[in-house]
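Comments concern the structure below.
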Amino acid sequence: MFTGEELEALAIGAKLVGAWSDAALGKAAETALARIEAVLPRQLEERIAASSRRFLVPDCLQPAPLREPMAVLREGMEHGRKVSVAYRRGDGEFSQRILWPLGLVFWGRFWTLGAWCELRQTFRTFRVDRIERVELLEGGFDDRYGHLWEEYLARARSEAH
């Protein structure tokens with residue numbers, strides 16, 4: 001059985017996922033928490049209810065339309081499928097890219113996608129809120145063991161120092 005503090009952490013985490021990720025992942029977090037709550041002893045059930053009143057996670061900072069590309073990106077990551085994205089940089093420049101979605105990173109204000117970019121032939125980082133359109137493609141890539149993601153992270157770390 002979970003401790004009260006562990007349950008509180010799960011409840012807060014589920015709220016964060018609901019407010020800051022795509023609708024499908026948010027719904028999954030909500031239903032997982034409901035399944036946990038259904039088998040809790042009364043005392044722990046009351047703690048979760050009290051926690052839900054005390055910890056608020058507003059979703060107004062990341063409106064749903066800005067989060068929706070995540071569902072397609074997650075599917076691409078899970079199944080090793082390339083994606084086509086229409087992307088607008090911070091300076092307004094628009095580009096069309098074919099990406100290999102490797103991983104998502106949450107920075108507290110926005111999500112970024114770590115990916116292999118076929119146009120630039122290197123690892124690149126893209127803000128999810130700047131993706132105007134995303135489409136899952138038939139073509140695939142192989143990162144089932146996470147080697148590309150690890151290489152992306154290693155390069156990002158080395159560039160940060």
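The values are calculated or read from the model by the stated rules, or taken from the named source; none is laboratory data. Because the structure is a prediction, the values reported are computed rather than measured. Virtual Cβ from ideal backbone geometry, glycine too; neighbours counted across all protein chains shown. Side chains included, ligands, DNA and RNA excluded: accessible areas come from the protein's heavy atoms. Shrake-Rupley method; radii C 1.70, N 1.55, O 1.52, S 1.80 Å.
Accessible area of the chain with a 1.4 Å probe: how many percent of it is carbon plus sulfur?
55 percent
Before anything else, pin down the relative contact order of the range 1-96: Cα pairs under 8 Å, at least 6 apart, normalised by residue count, whole percent.
Worked out over the range 1-96, it gives 29 percent.
Taking the range 123-161, which trypsin sites (Lys or Arg not before Pro) meet the DSSP loop condition and have no more than 15 other C-beta atoms within 10 Å?
Loop-located and lightly packed - ARG144.
What does the helix-only formula give at 222 nm for the chain: each DSSP H stretch with n ≥ 4 adding -39500 (n - 2.57), the total divided by the residues, and the result rounded to the nearest 500 deg cm²/dmol?
Roughly -14500 deg cm²/dmol at 222 nm, from the helical runs in the chain.
Write out the trypsin sites (Lys or Arg not before Pro) in the range 21-105 meeting two conditions: DSSP loop, and at most 12 other Cβ atoms within 10 Å of their Cβ.
Qualifying residues, ordered by number: ARG89.
Give the average over all directions of the projected area of the C-alpha convex hull of the chain, one decimal, in nm².
One quarter of the hull surface, i.e. the mean projection, equals 11.5 nm².
Treating the beta-carbon of each Lys and Arg as +1 and of each Asp and Glu as -1, no other charges, what is the dipole magnitude of the range 64-161 about its Cα centre, to the nearest 20 debye?
Magnitude of the dipole: close to 280 debye.
Taking amide H positions as placed in the peptide plane 1.01 Å from N, state which residues far from GLY139 in sequence (5 or more) or on other chains have amide H under 5 Å from it.
LYS82
Counting other Cβ atoms within 10 Å of each Cβ, which GluC sites (Glu not before Pro) in the range 81-149 have at most 13 and sit in a DSSP loop?
Within the range 81-149, the qualifying GluC sites (Glu not before Pro) (loop, at most 13 other Cβ atoms within 10 Å) are GLU93.
Quick check for you: with a 1.4 Å probe and neighbouring chains kept, what is the accessible area per residue of the chain, in Å²?
Solvent-accessible surface per residue comes out at 61 Å².
Compute the helix-to-body angle for 4-20: its Cα long axis versus the longest principal axis of the chain, expressed 0 to 90° and rounded to tens.
Tilt relative to the chain: about 40 degrees.
Expressed as an acute angle from 0 to 90° and rounded to the nearest 10, what is the orientation of the C-alpha long axis of helix 42-54 relative to the principal long axis of the chain?
Result, in degrees: 50.
For the chain, take the longest principal axis of its alpha carbons; what is the angle in degrees between that and the long axis of helix 69-79, to the nearest 10 within 0 to 90?
Its long axis makes an angle of about 80 degrees.
Solvent-accessible area of ILE12, probe 1.4 Å, all protein chains present, reported in Å² to the nearest ten, please.
40 Å²
Just tell me the longest site-free run in the chain, where the sites are chymotrypsin sites (Phe, Trp or Tyr not before Pro) in a DSSP loop having at most 15 other beta-carbon atoms within 10 Å.
3-54
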